[in-house]
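> A single structure is presented below for examination.
The values are calculated or read from the model by the stated rules, or taken from the named source; none is laboratory data. Quick caveat: nothing in here was measured; it's all calculated off a predicted structure. Counting neighbours? That spans all protein chains shown, and the Cβs are built from the backbone with ideal geometry, glycine included.
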Amino acid sequence: MDHSEQRIKIAVQKTGRLTNHSVDLLERCGLKVTKSKDQLICYGENMPIDLLLVRDDDIPGLVSDDVCDLGIVGLNVVEEKRLQEEQKGSKGMFKQIFELDFGHCRLSIAAPENVPYDGPRSLENTRIATSYVGLLTDYLKKNDINAEPVFFSGAVEIAPKLGRADFICDLVSSGGTLRANGLTEVAELLQSEAVVIQTLAPLGDAKQALVDKIIQRLDGVLKVRDSKYIMLHAPRAALAQIRELLPGSEAPTVMPLEGSDDRIAIHAVCRENVFWETLENLKAAGASSLLVLPVEKMLA
Ligand code: ATP
Ligand code: ZN
(Lines give C-alpha, C1' and ligand atoms only; values in the text may rest on other atoms or scores of the structure.)
(Ligands and ions follow the chains in the order given, each with its own letter.)
Protein backbone atom coordinates (compact mmCIF):
# COMPACT_ATOMS: atom_id res chain seq x y z
CA MET A 1 0.00 0.00 0.00
CA ASP A 2 1.24 3.51 -0.79
CA HIS A 3 1.12 5.27 2.57
CA SER A 4 1.45 8.77 1.07
CA GLU A 5 -2.07 8.18 -0.27
CA GLN A 6 -3.35 7.98 3.29
CA ARG A 7 -2.14 11.48 4.14
CA ILE A 8 -4.53 14.40 3.94
CA LYS A 9 -3.34 17.37 1.87
CA ILE A 10 -4.71 20.77 2.79
CA ALA A 11 -4.19 23.77 0.45
CA VAL A 12 -3.47 26.93 2.44
CA GLN A 13 -2.58 30.46 1.27
CA LYS A 14 1.24 30.82 1.09
CA THR A 15 1.54 34.51 2.00
CA GLY A 16 -1.38 36.80 2.62
CA ARG A 17 -4.19 37.71 4.93
CA LEU A 18 -5.33 34.13 5.50
CA THR A 19 -1.93 32.48 6.06
CA ASN A 20 -1.30 33.01 9.77
CA HIS A 21 -4.91 32.40 10.78
CA SER A 22 -5.08 29.17 8.76
CA VAL A 23 -1.85 27.67 10.10
CA ASP A 24 -2.54 28.89 13.63
CA LEU A 25 -5.99 27.29 13.63
CA LEU A 26 -4.63 23.94 12.43
CA GLU A 27 -1.89 24.08 15.07
CA ARG A 28 -4.53 24.70 17.71
CA CYS A 29 -6.19 21.48 16.48
CA GLY A 30 -3.03 19.70 17.58
CA LEU A 31 -1.12 19.63 14.28
CA LYS A 32 2.67 20.15 14.43
CA VAL A 33 4.34 21.00 11.11
CA THR A 34 7.81 21.55 9.66
CA LYS A 35 8.31 23.53 6.46
CA SER A 36 10.05 21.97 3.47
CA LYS A 37 13.27 23.70 2.30
CA ASP A 38 11.52 25.26 -0.67
CA GLN A 39 8.77 26.57 1.71
CA LEU A 40 6.06 25.02 -0.45
CA ILE A 41 4.90 22.26 1.89
CA CYS A 42 4.45 21.99 5.65
CA TYR A 43 4.77 18.35 6.67
CA GLY A 44 2.64 17.22 9.60
CA GLU A 45 4.90 15.60 12.20
CA ASN A 46 2.31 14.11 14.51
CA MET A 47 -0.66 13.61 12.18
CA PRO A 48 -0.86 12.35 8.57
CA ILE A 49 -1.69 15.86 7.34
CA ASP A 50 0.43 18.04 5.04
CA LEU A 51 -0.17 21.65 4.07
CA LEU A 52 0.44 22.83 0.51
CA LEU A 53 1.31 26.55 0.49
CA VAL A 54 -0.12 28.19 -2.63
CA ARG A 55 -1.78 31.35 -4.01
CA ASP A 56 -5.33 31.64 -2.68
CA ASP A 57 -6.77 31.82 -6.20
CA ASP A 58 -5.34 28.36 -6.97
CA ILE A 59 -6.97 26.68 -3.95
CA PRO A 60 -10.43 25.82 -5.39
CA GLY A 61 -8.76 24.39 -8.53
CA LEU A 62 -6.33 22.24 -6.52
CA VAL A 63 -9.19 20.85 -4.44
CA SER A 64 -11.41 20.44 -7.48
CA ASP A 65 -8.66 18.49 -9.31
CA ASP A 66 -8.15 16.30 -6.23
CA VAL A 67 -4.50 17.42 -5.83
CA CYS A 68 -5.55 18.45 -2.32
CA ASP A 69 -8.30 16.89 -0.22
CA LEU A 70 -9.16 20.11 1.62
CA GLY A 71 -8.52 23.82 1.19
CA ILE A 72 -8.81 26.90 3.38
CA VAL A 73 -9.83 29.93 1.33
CA GLY A 74 -12.12 32.97 1.28
CA LEU A 75 -15.74 32.35 0.29
CA ASN A 76 -15.25 35.15 -2.28
CA VAL A 77 -12.65 33.04 -4.12
CA VAL A 78 -14.79 29.88 -3.79
CA GLU A 79 -17.92 31.56 -5.16
CA GLU A 80 -15.97 33.25 -7.97
CA LYS A 81 -14.56 29.90 -9.07
CA ARG A 82 -17.98 28.22 -8.79
CA LEU A 83 -19.63 30.92 -10.93
CA GLN A 84 -16.81 30.94 -13.51
CA GLU A 85 -17.23 27.18 -13.91
CA GLU A 86 -21.01 27.59 -14.10
CA GLN A 87 -20.73 30.36 -16.69
CA LYS A 88 -18.48 28.00 -18.72
CA GLY A 89 -21.14 25.31 -18.43
CA SER A 90 -19.05 23.08 -16.12
CA LYS A 91 -19.07 22.45 -12.38
CA GLY A 92 -16.43 22.97 -9.63
CA MET A 93 -15.61 19.58 -8.11
CA PHE A 94 -15.56 20.77 -4.50
CA LYS A 95 -18.01 21.43 -1.70
CA GLN A 96 -17.91 23.97 1.12
CA ILE A 97 -17.98 22.17 4.46
CA PHE A 98 -17.10 24.58 7.28
CA GLU A 99 -16.97 28.33 8.08
CA LEU A 100 -13.92 29.50 9.98
CA ASP A 101 -14.94 32.95 11.28
CA PHE A 102 -11.83 34.83 10.12
CA GLY A 103 -10.93 36.74 6.94
CA HIS A 104 -14.26 38.58 7.11
CA CYS A 105 -14.84 41.02 4.27
CA ARG A 106 -17.48 41.85 1.67
CA LEU A 107 -17.49 42.24 -2.08
CA SER A 108 -19.02 45.59 -2.87
CA ILE A 109 -19.52 48.06 -5.66
CA ALA A 110 -18.06 51.48 -4.94
CA ALA A 111 -18.58 54.79 -6.72
CA PRO A 112 -16.21 57.76 -7.08
CA GLU A 113 -17.46 60.65 -4.93
CA ASN A 114 -18.50 62.77 -7.94
CA VAL A 115 -20.50 59.95 -9.60
CA PRO A 116 -24.18 59.93 -8.61
CA TYR A 117 -25.61 56.60 -7.44
CA ASP A 118 -29.31 56.05 -6.95
CA GLY A 119 -29.74 52.28 -6.79
CA PRO A 120 -28.60 49.49 -9.16
CA ARG A 121 -30.18 51.27 -12.18
CA SER A 122 -27.34 53.83 -11.95
CA LEU A 123 -25.00 51.05 -13.12
CA GLU A 124 -26.79 50.73 -16.46
CA ASN A 125 -24.42 51.13 -19.44
CA THR A 126 -21.36 51.73 -17.25
CA ARG A 127 -17.97 49.99 -16.96
CA ILE A 128 -17.16 48.32 -13.64
CA ALA A 129 -13.57 47.36 -12.81
CA THR A 130 -13.14 44.13 -10.83
CA SER A 131 -11.08 40.98 -10.21
CA TYR A 132 -14.40 39.18 -9.60
CA VAL A 133 -15.94 39.05 -13.07
CA GLY A 134 -17.95 35.91 -12.25
CA LEU A 135 -19.62 37.36 -9.14
CA LEU A 136 -20.16 40.75 -10.76
CA THR A 137 -21.68 39.22 -13.91
CA ASP A 138 -24.01 37.14 -11.73
CA TYR A 139 -25.10 40.25 -9.78
CA LEU A 140 -25.72 42.26 -12.96
CA LYS A 141 -27.73 39.41 -14.48
CA LYS A 142 -29.86 38.94 -11.36
CA ASN A 143 -30.62 42.67 -11.28
CA ASP A 144 -31.21 42.80 -15.02
CA ILE A 145 -28.51 45.44 -15.52
CA ASN A 146 -26.57 45.88 -18.71
CA ALA A 147 -23.04 46.94 -17.66
CA GLU A 148 -19.54 45.95 -18.71
CA PRO A 149 -17.20 44.22 -16.23
CA VAL A 150 -13.59 45.32 -16.85
CA PHE A 151 -11.06 42.81 -15.51
CA PHE A 152 -8.31 44.17 -13.24
CA SER A 153 -6.03 41.66 -11.52
CA GLY A 154 -5.10 44.13 -8.75
CA ALA A 155 -5.24 47.81 -7.75
CA VAL A 156 -8.88 47.90 -8.84
CA GLU A 157 -9.47 51.06 -6.83
CA ILE A 158 -7.41 53.22 -9.20
CA ALA A 159 -9.41 52.20 -12.31
CA PRO A 160 -11.80 55.22 -12.21
CA LYS A 161 -8.86 57.65 -11.86
CA LEU A 162 -7.23 56.04 -14.89
CA GLY A 163 -10.46 56.55 -16.83
CA ARG A 164 -10.77 52.78 -17.30
CA ALA A 165 -14.07 52.36 -15.40
CA ASP A 166 -17.00 54.27 -13.91
CA PHE A 167 -17.39 52.09 -10.81
CA ILE A 168 -15.35 49.40 -9.09
CA CYS A 169 -16.35 46.08 -7.51
CA ASP A 170 -13.83 44.92 -4.91
CA LEU A 171 -13.30 43.46 -1.44
CA VAL A 172 -13.86 45.82 1.49
CA SER A 173 -13.27 45.27 5.18
CA SER A 174 -12.76 48.56 7.04
CA GLY A 175 -13.42 50.76 4.00
CA GLY A 176 -10.11 52.64 4.56
CA THR A 177 -8.71 51.84 1.09
CA LEU A 178 -11.93 53.02 -0.57
CA ARG A 179 -11.95 56.29 1.38
CA ALA A 180 -8.26 56.89 0.60
CA ASN A 181 -9.15 56.63 -3.10
CA GLY A 182 -12.20 58.87 -2.92
CA LEU A 183 -14.66 55.98 -3.34
CA THR A 184 -17.94 55.26 -1.53
CA GLU A 185 -19.44 51.81 -1.07
CA VAL A 186 -22.86 51.70 -2.74
CA ALA A 187 -23.94 48.02 -3.03
CA GLU A 188 -22.93 44.79 -1.32
CA LEU A 189 -22.71 41.63 -3.47
CA LEU A 190 -21.36 39.05 -1.02
CA GLN A 191 -20.35 38.68 2.63
CA SER A 192 -17.25 36.55 2.89
CA GLU A 193 -15.12 34.73 5.45
CA ALA A 194 -12.56 31.93 5.25
CA VAL A 195 -14.12 28.49 4.70
CA VAL A 196 -12.95 24.89 4.41
CA ILE A 197 -13.66 23.22 1.07
CA GLN A 198 -13.42 19.51 0.36
CA THR A 199 -12.91 17.66 -2.92
CA LEU A 200 -15.93 15.84 -4.32
CA ALA A 201 -13.65 12.89 -5.17
CA PRO A 202 -14.36 10.03 -2.72
CA LEU A 203 -11.79 10.06 0.09
CA GLY A 204 -12.09 6.52 1.39
CA ASP A 205 -13.07 5.69 4.95
CA ALA A 206 -9.71 6.36 6.62
CA LYS A 207 -9.22 9.79 5.08
CA GLN A 208 -12.86 10.77 5.60
CA ALA A 209 -12.57 9.81 9.29
CA LEU A 210 -9.51 12.06 9.55
CA VAL A 211 -11.33 14.94 7.82
CA ASP A 212 -14.27 14.51 10.23
CA LYS A 213 -11.84 14.60 13.15
CA ILE A 214 -10.19 17.81 11.90
CA ILE A 215 -13.59 19.47 11.44
CA GLN A 216 -14.67 18.42 14.94
CA ARG A 217 -11.47 19.88 16.39
CA LEU A 218 -11.83 23.10 14.37
CA ASP A 219 -15.35 23.39 15.72
CA GLY A 220 -13.99 22.93 19.25
CA VAL A 221 -11.28 25.55 18.73
CA LEU A 222 -13.78 28.10 17.37
CA LYS A 223 -16.26 27.42 20.16
CA VAL A 224 -13.76 28.02 22.96
CA ARG A 225 -12.19 31.10 21.39
CA ASP A 226 -14.59 33.47 23.12
CA SER A 227 -15.70 31.05 25.83
CA LYS A 228 -15.00 31.67 29.49
CA TYR A 229 -15.46 29.61 32.62
CA ILE A 230 -16.98 31.77 35.32
CA MET A 231 -17.15 31.00 39.04
CA LEU A 232 -18.88 33.08 41.68
CA HIS A 233 -20.64 33.03 45.04
CA ALA A 234 -24.15 34.42 45.45
CA PRO A 235 -27.21 34.43 47.69
CA ARG A 236 -29.48 31.50 46.71
CA ALA A 237 -32.33 33.99 46.18
CA ALA A 238 -30.33 35.74 43.42
CA LEU A 239 -29.88 32.58 41.31
CA ALA A 240 -32.56 33.37 38.72
CA GLN A 241 -31.32 36.92 38.19
CA ILE A 242 -27.69 35.79 37.95
CA ARG A 243 -28.53 33.13 35.36
CA GLU A 244 -30.10 35.86 33.23
CA LEU A 245 -26.92 37.90 33.44
CA LEU A 246 -24.51 35.09 32.45
CA PRO A 247 -23.81 35.62 28.73
CA GLY A 248 -24.48 32.65 26.45
CA SER A 249 -24.38 30.04 29.21
CA GLU A 250 -26.34 26.82 29.39
CA ALA A 251 -27.31 25.09 32.70
CA PRO A 252 -24.84 26.29 35.34
CA THR A 253 -23.54 24.05 38.13
CA VAL A 254 -24.94 25.20 41.48
CA MET A 255 -23.26 24.01 44.72
CA PRO A 256 -23.91 24.69 48.39
CA LEU A 257 -21.24 26.62 50.29
CA GLU A 258 -20.02 24.84 53.41
CA GLY A 259 -21.25 26.55 56.58
CA SER A 260 -23.74 28.80 54.81
CA ASP A 261 -27.38 27.90 54.16
CA ASP A 262 -28.37 30.78 51.96
CA ARG A 263 -25.23 31.24 49.84
CA ILE A 264 -24.25 29.11 46.86
CA ALA A 265 -21.40 28.73 44.38
CA ILE A 266 -22.27 28.98 40.67
CA HIS A 267 -19.99 27.69 37.90
CA ALA A 268 -20.85 28.16 34.22
CA VAL A 269 -19.29 28.04 30.77
CA CYS A 270 -20.15 31.24 28.93
CA ARG A 271 -20.05 30.94 25.14
CA GLU A 272 -19.36 34.65 24.80
CA ASN A 273 -16.74 36.96 26.17
CA VAL A 274 -17.36 38.13 29.73
CA PHE A 275 -16.88 41.88 29.94
CA TRP A 276 -16.22 44.04 33.01
CA GLU A 277 -19.78 45.40 32.70
CA THR A 278 -21.17 41.87 33.08
CA LEU A 279 -19.07 41.30 36.22
CA GLU A 280 -20.21 44.63 37.65
CA ASN A 281 -23.85 43.71 36.95
CA LEU A 282 -23.36 40.30 38.59
CA LYS A 283 -21.82 41.97 41.63
CA ALA A 284 -24.74 44.40 41.83
CA ALA A 285 -27.07 41.35 41.79
CA GLY A 286 -25.34 40.01 44.91
CA ALA A 287 -22.45 37.95 43.46
CA SER A 288 -19.03 37.95 45.12
CA SER A 289 -15.67 36.15 44.69
CA LEU A 290 -16.03 36.35 40.92
CA LEU A 291 -13.45 34.49 38.87
CA VAL A 292 -13.29 34.30 35.04
CA LEU A 293 -11.01 31.72 33.40
CA PRO A 294 -10.20 31.06 29.74
CA VAL A 295 -11.34 27.73 28.29
CA GLU A 296 -8.59 25.84 26.47
CA LYS A 297 -10.37 22.91 24.85
CA MET A 298 -14.00 21.83 24.48
CA LEU A 299 -15.46 18.65 22.99
CA ALA A 300 -19.21 18.63 22.81
P1 ATP B 1 -2.42 35.69 -3.24
O2 ATP B 1 -1.00 36.12 -3.43
O3 ATP B 1 -2.52 34.44 -2.41
O4 ATP B 1 -3.22 35.63 -4.51
P5 ATP B 1 -4.17 37.94 -2.58
O6 ATP B 1 -3.49 39.24 -2.74
O7 ATP B 1 -5.15 37.49 -3.62
O8 ATP B 1 -3.06 36.81 -2.31
P9 ATP B 1 -4.99 38.65 0.16
O10 ATP B 1 -4.99 40.14 -0.02
O11 ATP B 1 -3.98 38.05 1.05
O12 ATP B 1 -5.00 37.87 -1.25
O13 ATP B 1 -6.45 38.25 0.65
C14 ATP B 1 -6.79 36.92 0.85
C15 ATP B 1 -8.24 36.83 1.26
O16 ATP B 1 -8.43 37.55 2.47
C17 ATP B 1 -9.25 37.44 0.33
O18 ATP B 1 -9.56 36.61 -0.77
C19 ATP B 1 -10.44 37.61 1.25
O20 ATP B 1 -11.14 36.37 1.40
C21 ATP B 1 -9.79 37.94 2.59
N22 ATP B 1 -9.89 39.39 2.98
C23 ATP B 1 -10.31 39.85 4.18
N24 ATP B 1 -10.31 41.20 4.21
C25 ATP B 1 -9.88 41.61 3.03
C26 ATP B 1 -9.65 42.90 2.46
N27 ATP B 1 -9.88 44.04 3.12
N28 ATP B 1 -9.16 42.96 1.21
C29 ATP B 1 -8.89 41.82 0.53
N30 ATP B 1 -9.10 40.60 1.03
C31 ATP B 1 -9.59 40.46 2.26
ZN1 ZN C 1 -5.19 35.96 -4.76
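> Residues Ser90, Ser64, Ser122: which one is within 19 Å of Ile197 (Cβ to Cβ) and touching a Phe, Trp or Tyr at 6+ places or on another chain (Cβ under 9 Å)?
Matching residue, one of Ser90, Ser64, Ser122: Ser64.
Each row is one residue, and each column tells you yes or no for (1) surrounded by fewer than 14 Cβ atoms within 10 Å (Cβ to Cβ); (2) out of contact with any Asp or Glu (no Cβ under 7 Å at 6 or more places or on another chain); (3) modelled with pLDDT under 90.
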residue: Leu203; (1), (2), (3): no, no, no
residue: Gln208; (1), (2), (3): no, yes, no
residue: Ile214; (1), (2), (3): no, yes, no
residue: Pro252; (1), (2), (3): no, yes, no
residue: Pro256; (1), (2), (3): yes, yes, no
residue: Asp261; (1), (2), (3): yes, yes, yes
residue: Thr278; (1), (2), (3): no, yes, no
residue: Ala284; (1), (2), (3): yes, yes, no
residue: Ser288; (1), (2), (3): yes, yes, no
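> Here's a check for you: in region 63-77, which residue that is farther than 21 Å from Ala206 by Cβ and in contact with a Gly (Cβ under 8 Å, 6 or more places away or on another chain) is farthest from ligand 1 (Cβ to nearest atom)?
Out of the qualifying residues, it is Ser64.
> Here's something else I'd like to know. Please tell me if Thr177 is assigned to a helix (DSSP H, G or I) and not assigned by TED's automatic domain parsing to the domain that holds Val274.
Numbers: assigned to a helix (DSSP H, G or I): yes; not assigned by TED's automatic domain parsing to the domain that holds Val274: yes.
So Thr177 passes the test.
> While we're looking at this one, here's another question. When you go through Ala206, Ala238, Ala201 one by one, which is the residue that is without any contact (Cβ under 8 Å) to a residue 60 or more places away in the chain and either outside the structural domain of Pro120 (by TED's automatic domain parsing) or under 30 Å from Leu178 (Cα atoms) (or both)?
From the options Ala206, Ala238, Ala201, the qualifying one is Ala238.
> May I pose another question? Going by the conditions given, is Val133 assigned by TED's automatic domain parsing to the domain that holds Ile158, away from ligand 2 (no atom under 15 Å from the Cβ) and in contact with a Phe, Trp or Tyr (Cβ under 9 Å, 6 or more places away or on another chain)?
no
> Could you pull out the residue among Asp38, Asp69 that is among the acidic types (Asp, Glu), more than 16 Å from ligand 2 (Cβ to nearest atom), at pLDDT 95 or above and more than 20 Å from Ser192 (Cα to Cα)?
From the options Asp38, Asp69, the qualifying one is Asp69.
> Further question on the same structure: For Ala238, are the conditions met, namely being surrounded by 15 or more Cβ atoms within 10 Å (Cβ to Cβ) and among the small types (Gly, Ala, Ser)?
Criteria met by Ala238.
> Sticking with this structure for a sec: Restricting the search to region 257-300, which residues are among the aliphatic types (A, V, I, L, M) and in a strand (DSSP E or B)?
Once the filter is applied, which keeps residues that are among the aliphatic types (A, V, I, L, M) and in a strand (DSSP E or B), region 257-300 yields Leu257, Ile264, Ala265, Ile266, Ala268, Val269, Leu290, Leu291, Val292, Leu293.
> Output the residues belonging to region 1-21 that are away from ligand 2 (no atom under 14 Å from the Cβ) and either modelled with pLDDT of 95 or more or touching a strand residue (DSSP E or B) at 6+ places or on another chain (Cβ under 7 Å) (or both). Talk me through it step by step, then tell me what you get.
Step one: filter region 1-21 for residues away from ligand 2 (no atom under 14 Å from the Cβ), giving 1-10, 20-21.
Hits for region 1-21 are Arg7, Ile8, Lys9, Ile10, Asn20, His21.
> So which residues in region 51-94 are in contact with a Ser or Thr (Cβ under 6 Å, 6 or more places away or on another chain), touching a residue at least 60 places away in the same chain (Cβ under 8 Å) and farther than 22 Å from Leu40 by Cα, if there are any at all? Walk me through it before giving the result.
Within region 51-94, the first condition is being in contact with a Ser or Thr (Cβ under 6 Å, 6 or more places away or on another chain), and the residues that meet it are 63, 66, 69, 72, 74-76, 92-94.
Those left that are additionally touching a residue at least 60 places away in the same chain (Cβ under 8 Å): 63, 66, 69, 72, 74-76, 93-94.
Listed by number, the residues that qualify are Leu75, Asn76, Met93, Phe94.
> Which of the residues that make up region 82-131 are over 20 Å from the mean Cα position of the chain (by Cα) and at positive phi?
Across region 82-131, the qualifying residues are Gly89, Gly119, Asn125.
> On to the next question. Might you check whether a residue that is of a type in the set (D, E, K, R), buried (at least 18 other Cβ atoms within 10 Å of the Cβ) and either modelled with pLDDT of 95 or more or within 16 Å of ligand 2 (Cβ to nearest atom) (or both) occurs anywhere in region 84-103?
No, region 84-103 contains no residue that is of a type in the set (D, E, K, R), buried (at least 18 other Cβ atoms within 10 Å of the Cβ) and either modelled with pLDDT of 95 or more or within 16 Å of ligand 2 (Cβ to nearest atom) (or both).
> Please indicate, with yes or no, whether at least one residue in region 127-138 is surrounded by 13 or more Cβ atoms within 10 Å (Cβ to Cβ), part of a loop (DSSP other than H, G, I, E, B) and not acidic (Asp, Glu).
Within region 127-138, the subset surrounded by 13 or more Cβ atoms within 10 Å (Cβ to Cβ) is 127-138.
Add one more test, that the residue is part of a loop (DSSP other than H, G, I, E, B), and what stays is 131-132.
Right, trim to not acidic (Asp, Glu) and you get 131-132.
Checked region 127-138: at least one residue is surrounded by 13 or more Cβ atoms within 10 Å (Cβ to Cβ), part of a loop (DSSP other than H, G, I, E, B) and not acidic (Asp, Glu).
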